[in-house]
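The values are calculated or read from the model by the stated rules, or taken from the named source; none is laboratory data. Everything quoted here is computed from the prediction, not taken from an experiment. Note that each Cβ is placed from the backbone with ideal geometry, even for glycine, and that neighbours are counted across all protein chains shown. Ligands, DNA and RNA are excluded from the accessible area calculation, which covers all protein heavy atoms including side chains. Shrake-Rupley method; radii C 1.70, N 1.55, O 1.52, S 1.80 Å.
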Amino acid sequence: MADDKLYHTYHGTDEYESRTAVVKENKQGFYVVLANNGLRVDKITCYEKSVHWAESVAENYVDEILNPK
């Protein structure tokens, strides 16, 4: 993960301000790391998808559309 490239960091607002999503890329492709209150909740791989797909995953998480268990 040290060689992974950071693309974007998303932060929730208002009642979702505790949520953060980070879009990164490694040799396999894009992935999104989800966190709540600074603690990692999940990692969603988007290896077969575009950066735009990964960004949508991140936005959906911080807007509480996506709620991993």
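Considering only residues that are touching a strand residue (DSSP E or B) at 6+ places or on another chain (Cβ under 6 Å) and open to solvent by 30 Å² or more (accessible area, probe 1.4 Å), look in the stretch 34-50 and name the one that is farthest from TYR61 (Cα to Cα).
TYR47
Residue under question is GLU59, and the condition is that it be open to solvent by less than 40 Å² (accessible area, probe 1.4 Å), at pLDDT 95 or above and among the acidic types (Asp, Glu); does it hold?
no
In this structure, does GLU25 turn out to be over 10 Å from the mean Cα position of the chain (by Cα) and at negative phi?
Judged against the criteria, GLU25 is a match.
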